[in-house]
Amino acid sequence: MRTIREIQDSIKALKAETGVCILAHSYQSPEILEVADIIGDSYKLSAAAGEVPAEKLLLCGVHFMAETAKLLNPEKQVYEANPDAGCPMAEQFPAEVISAAKEKIPGCAVVAYVNTTAAVKAVSDVCVTSSSAVKIVGNMTQKDILFIPDCNLGAYTQKHCPDKRLHFLPGGCPHHSAITLEEAQAAKAAHPSALLLVHPECRPAVTELADYVGATSGILNFARTSENREFIIGTEISIVQHLKLECPEKRFYPLSNRLCCPNMRATGIADVLRVLTEIAEGSAQELLLPEQIARDARRCLDEMLRLGG
Ligand code: 13P
Ligand code: SF4
């Protein structure tokens, strides 16, 4: 059996041979992050996908991230390390449900969290990420906004955009939204010197209690640069592991061990090697999107970049 180091060495050799750029979400395992060319949250990956010169991109994350990379780079070849890794929130509502809900709110604009399928983006007006939702909604001309699918990120956005009237469907991340106020209170009581940093996909009762609310990159930056030495991390527990490795002089505690996304864990270093090998052999399955959906969904992402992504 090969060691992780040997697999990583093969990956590096195949990257050099094929010119593939590996993009990995920050929730991926340390061994994948070590071979990635770009690491980031959903926003950083979307932005970087459009800027890297490589013609072939390999996404380590969940399906909507690969779709986003393809939408922003229609001319590039995009591959997924594990095409079965999806985001349950992104697949929560079919496009027809969104269109029907929009019709019931005259004059509204549909704001789609980037955690949506290309088909849902195609019927939406503008996309947002967790780090850009407040800025983009604040910059929109419409007062009524149908914000989908995450009603927790929506509630957080509403709080910071009091002039807007946001409407929701009952969607959200099954892991972040499962964390209760009682769990947050218990974590704070167990670690009284720690600052609580949470993702806006958590319930309003939890974000209200937090010392900092932000996307994955915001949480990482806050923890890295804060003078405080202890932190409770209210997002996927991989971030606790990464911060412990990166800042050994500080202490990090998970808000809850239930904050674990199986889909983000579904990609292993062996998947990365397998798909790179297939790319080198010319047998890899490239991600392709129906043309009309891709055109409409791209408009939604372009609007995100125009309004201040
Ligand atoms: P961000 O990467 O935008 O922080 O979102 C976290 C997440 O849940 C990704 O699916
Ligand atoms: Fe989707 Fe939640 Fe997993 Fe992120 S953590 S990929 S939002 S299910």
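The values are calculated or read from the model by the stated rules, or taken from the named source; none is laboratory data. All figures in this text were calculated on a predicted structure; none of them were measured in a lab. Note that each Cβ is placed from the backbone with ideal geometry, even for glycine, and that neighbours are counted across all protein chains shown.
Would you call Ala36 over 30 Å from Asp144 (Cα atoms), more than 15 Å from ligand 2 (Cβ to nearest atom) and modelled with pLDDT under 95? The answer is no for Ala36.
Condition check ((1) charged (D, E, K, R); (2) crowded, with 19+ Cβ neighbours inside 10 Å) across all residues:
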{"site": "Lys104", "(1), (2)": "yes, no"}
{"site": "Ser124", "(1), (2)": "no, yes"}
{"site": "Thr129", "(1), (2)": "no, yes"}
{"site": "Lys135", "(1), (2)": "yes, no"}
{"site": "Gln142", "(1), (2)": "no, no"}
{"site": "Phe147", "(1), (2)": "no, yes"}
{"site": "Cys151", "(1), (2)": "no, yes"}
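Which of the residues that make up region 48-79 are of a type in the set (S, T, N, Q) and touching a helix residue (DSSP H, G or I) at 6+ places or on another chain (Cβ under 7 Å)? Thr68, Asn73, listed by residue number.
Counting residues that are closer than 25 Å to Met264 by Cβ, within 19 Å of the chain's Cα centre (by Cα) and within 16 Å of ligand 2 (Cβ to nearest atom), which helices (runs of 4 or more DSSP H) fully inside region 90-145 reach at least 1?
On the way: elements: 95-103, 118-122, 133-139.
The qualifying helices (runs of 4 or more DSSP H) are 118-122, 133-139.
Residues that are part of a loop (DSSP other than H, G, I, E, B) and buried (at least 19 other Cβ atoms within 10 Å of the Cβ) were ranked within region 264-280; the one that is nearest to the chain's Cα centre (by Cα) is Met264.
Rundown of residues vs (1) in contact (Cβ under 8 Å) with a residue 60 or more places away in the chain; (2) within 14 Å of ligand 1 (Cβ to nearest atom), yes/no style:
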residue: Thr157; (1), (2): no, yes
residue: Pro200; (1), (2): yes, yes
residue: Thr235; (1), (2): no, yes
residue: Phe252; (1), (2): no, no
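In summary, Thr207 fulfils each of the numbered conditions (1) touching a Gly at 6+ places or on another chain (Cβ under 8 Å); (2) within 16 Å of ligand 2 (Cβ to nearest atom); (3) β-branched (Val, Ile, Thr) with the single exception of condition (1). Checked against (1) crowded, with 17+ Cβ neighbours inside 10 Å; (2) within 14 Å of ligand 1 (Cβ to nearest atom), Asn221 passes all but a single condition, namely (1). Taken over region 166-193, residues that are within 15 Å of ligand 2 (Cβ to nearest atom) and either aromatic (Phe, Trp, Tyr) or touching a strand residue (DSSP E or B) at 6+ places or on another chain (Cβ under 9 Å) (or both) amount to 6. Looking at the structure I just gave you, is Leu196 more than 16 Å from ligand 2 (Cβ to nearest atom), in contact (Cβ under 8 Å) with a residue 12 or more places away in the chain and either crowded, with 19+ Cβ neighbours inside 10 Å or assigned to a helix (DSSP H, G or I) (or both)? Judged against the criteria, Leu196 is a match. Within region 29-57, residues that are over 20 Å from Ile279 (Cα atoms) and free of Cβ contacts under 8 Å to residues at least 40 places away in the same chain sit with their Cβ atoms under 8 Å from residues that are within 13 Å of ligand 1 (Cβ to nearest atom) and in a helix (DSSP H, G or I), at 6+ positions apart or across chains, in these pairs: Leu45/Met65; Leu45/Thr68. Tally up the residues in region 221-275 that are over 19 Å from Ala187 (Cα atoms), within 16 Å of ligand 2 (Cβ to nearest atom) and among the polar types (S, T, N, Q), please. Selection size over region 221-275: 2.
On the basis of being at pLDDT 95 or above, surrounded by fewer than 21 Cβ atoms within 10 Å (Cβ to Cβ) and not in a loop (DSSP other than H, G, I, E, B), does Leu166 make the cut? Yes: the conditions hold for Leu166.
Based on what the data block shows, is Leu14 within 16 Å of ligand 1 (Cβ to nearest atom), more than 24 Å from Ser124 (Cα to Cα) and in a helix (DSSP H, G or I)? It would help to see each step written out before you state the result.
Values: within 16 Å of ligand 1 (Cβ to nearest atom): no; more than 24 Å from Ser124 (Cα to Cα): yes; in a helix (DSSP H, G or I): yes.
So Leu14 fails the test.
Looking only at residues of region 46-66 that are within 20 Å of Leu33 (Cα to Cα) and of a type in the set (D, E, K, R), we find that the one that is surrounded by the most Cβ atoms within 10 Å (Cβ to Cβ) is Lys56. Pro204 meets the conditions (1) in contact with a helix residue (DSSP H, G or I) (Cβ under 7 Å, 6 or more places away or on another chain); (2) crowded, with 18+ Cβ neighbours inside 10 Å in every case but one. The failed one is (2).
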